[in-house]
């Protein structure tokens, strides 16, 4: 879970750095929109992966509880 969050925030940092450097050089509003849409896609993918990780953890805990290993 920590790795997923680290990857998400790493992408945030990278996209902001790329977006603002392109904005500084080109000064275009469309580049800001492009970075926003990419960022939104990364957030959605990150939330989906976080949900999968939580479901896997809950499933693993239920399996351990049912099999009597806890």
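Values quoted throughout were computed directly from the atomic coordinates according to the rules given, and no laboratory measurement underlies them. As the structure is a prediction and not an experimental result, all values here were calculated from the model. Glycine gets a Cβ as well: all are built from the backbone with ideal geometry, and neighbour counts include every protein chain shown.
Observations, loosely collected:
- Segment residue 62-residue 29, extension gain: residue separation times 0.36 nm, minus the distance between their alpha carbons: 6.9 nm
- With the simple spin-label model, which puts each label point 7 Å out from Cα in the Cβ direction, the residue 13 to residue 36 separation comes to 2.5 nm.
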